[in-house]
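The values are calculated or read from the model by the stated rules, or taken from the named source; none is laboratory data. Treat the numbers as computed from the prediction; the structure is a model and nothing was measured. Note that we place each Cβ from the backbone using ideal geometry, even for glycine, and neighbour counts take in every protein chain shown.
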Amino acid sequence: MSTTETTAEHEGESYSQFVRRQFKKNTFGMISVYVVVVIFGIAVFADLIANDKPIVAHYKGSTIFPVFKEYAVSMGLARWDAEFVSAEWRALPYDWSVFPPIPYSPSTTDKRLASLKDRAPSRMHWLGTDDIGRDVAAGLVHGSRYALSIGFVAMGIALAIGIVLGAISGFFGGAVDIAISRLIEIMITFPRFFLIITIVAMVEVGSLWLIMMLIGLTGWTNIARFMRGEVLRVRTLDYVSAATALGYSTRRIIFRHVMPNAIAPVLIYAAFGIVSAILFESALSFLGFGVPPTVVTWGSVLFRARASTYSWWLAVFPGLMIFITVSAFNLIGDALRDATDPRLRA
């Protein structure tokens, strides 16, 4: 097909169609999308992939789904507590049962493992266990939930703050622009990583939500600066002048006309921001300042590797998951950046 025919074929397409077409041309970007979808699938179905309780079982004449119900009620048991481990569940007189492919939860400890050799990857524990007998594969599967949650929630907070402040700064200009720009500069002067460590260290018991909030509240500055530049460009366009001449309120002009047309390039930054949030949490957990010890994340598994230098699997497998996830989001961000380049329209 000639260049003229190709141009004619795509002449009437919208901007979103153009972006999708350009994105699909990026092989690494498309592969990365599939990788992220797989990681999302693992996170969503983590309870069905790694759990010390059966997915479905037939017991006392009824078929039940223990993963989604209160176990004590469903099983007709006298008691249920966190110490009721998988071995006891397996000992129950099921008519039949189906256990997940990884029959351990992140908190399940295998007390039969006494030596370093026992904790190494084996048929019983595919990726080995940590120093207290928790299955690494189960930890990585459930840790994907925390990694994606931290990435998206923290980035959502940063986007909300950065987009609003950047839009206000770029639209009004003058004293408002100066005040917000000085605030951005003050925030940038603080070393973000050490600021988060300091705040977390001051809290007696850390939490996942605290980590998300801190990463989001300290990560909006670049988004605000980027949004400000886009709004400065958009506010001079004819349709904004027409909206002003028609007497529309400032709020409507900003949120209905300026922001929707300036936000697309800013959202591309979100892919890189998700990567940054995941790396921040991993680094904090690795240093022992992250989530509580009872919560298993990729970074906390890496932290256990510090106490057992010969347990190579504690460093390799979570490190590989972090590398794959970070690389996938980075490649998606690169592909989106290239796809939104209007100079590629042909």
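Every residue, every condition in (1) touching a Gly at 6+ places or on another chain (Cβ under 6 Å); (2) modelled with pLDDT under 90; (3) under 19 Å from Phe303 (Cα atoms); (4) of a type in the set (Gly, Ala, Ser), yes or no:
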| position | (1), (2), (3), (4) |
| --- | --- |
| Leu77 | no, yes, no, no |
| Asp95 | no, yes, no, no |
| Ala120 | yes, yes, yes, yes |
| Arg145 | no, no, yes, no |
| Ser169 | no, no, no, yes |
- Task: Take the range 111-124 and flag every residue that is closer than 12 Å to Leu314 by Cβ and surrounded by 14 or more Cβ atoms within 10 Å (Cβ to Cβ).
- Result: Arg119, Ala120, Pro121
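Okay, residues lined up against (1) among the aliphatic types (A, V, I, L, M); (2) in the same structural domain as Gly170 (by TED's automatic domain parsing); (3) touching a Leu at 6+ places or on another chain (Cβ under 9 Å):
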{"position": "Leu237", "(1), (2), (3)": "yes, yes, no"}
{"position": "Met321", "(1), (2), (3)": "yes, yes, yes"}
{"position": "Thr325", "(1), (2), (3)": "no, yes, yes"}
{"position": "Phe329", "(1), (2), (3)": "no, yes, no"}
{"position": "Thr340", "(1), (2), (3)": "no, yes, no"}
- Just for the range 240-272: of the residues that are of a type in the set (Gly, Ala, Ser) and free of Cβ contacts under 8 Å to residues at least 12 places away in the same chain, which one is surrounded by the fewest Cβ atoms within 10 Å (Cβ to Cβ)? Gly247
- Query: Looking at Gly319, is it surrounded by fewer than 21 Cβ atoms within 10 Å (Cβ to Cβ) and either among the hydroxyl-bearing types (Ser, Thr, Tyr) or outside any loop (DSSP other than H, G, I, E, B) (or both)?
  - Reply: yes
- Message: Is it the case, given these coordinates, that Phe289 is surrounded by fewer than 22 Cβ atoms within 10 Å (Cβ to Cβ), closer than 28 Å to Ala43 by Cα and at pLDDT below 85?
- Response: yes
- Kindly list, by first and then second residue, each pair from a residue in the range 273-291 that is more than 20 Å from Ile223 (Cα to Cα) and in the same structural domain as Thr198 (by TED's automatic domain parsing) to a residue that is hydroxyl-bearing (Ser, Thr, Tyr) and surrounded by fewer than 20 Cβ atoms within 10 Å (Cβ to Cβ), limited to pairs with Cβ atoms under 9 Å and residues at least 6 apart or on different chains. Val291/Ser207
- Query: Looking at Leu113, is it at pLDDT below 80 and touching a helix residue (DSSP H, G or I) at 6+ places or on another chain (Cβ under 6 Å)?
  - Reply: yes
- Task: Taking the options Gly219, Gly229, Gly247, name whichever one is assigned by TED's automatic domain parsing to the domain that holds Gly162, closer than 27 Å to Ser276 by Cα and part of a loop (DSSP other than H, G, I, E, B).
- Result: Gly219
- Task: Scan the range 158-183 residue by residue and report those that are surrounded by 20 or more Cβ atoms within 10 Å (Cβ to Cβ) and under 27 Å from the mean Cα position of the chain (by Cα).
- Result: Ala158, Leu159, Gly162, Ile163, Leu165, Gly166, Ala167
- Among helices (runs of 4 or more DSSP H) entirely within the range 115-197, at least 2 residues that are within 30 Å of Ser241 (Cβ to Cβ) and of a type outside the set (A, V, I, L, M, F, W, C) occur in 136-172, 174-189
- The residue that is farthest from Lys24 (Cα to Cα), considering only those in the range 312-345 that are among the small types (Gly, Ala, Ser) and in contact with a helix residue (DSSP H, G or I) (Cβ under 6 Å, 6 or more places away or on another chain), is Ala315
- Task: Could you identify the single residue in Gly206, Gly174, Gly247 that is at pLDDT below 90, more than 18 Å from Ile268 (Cβ to Cβ) and touching a Phe, Trp or Tyr at 6+ places or on another chain (Cβ under 9 Å)?
- Result: Gly206
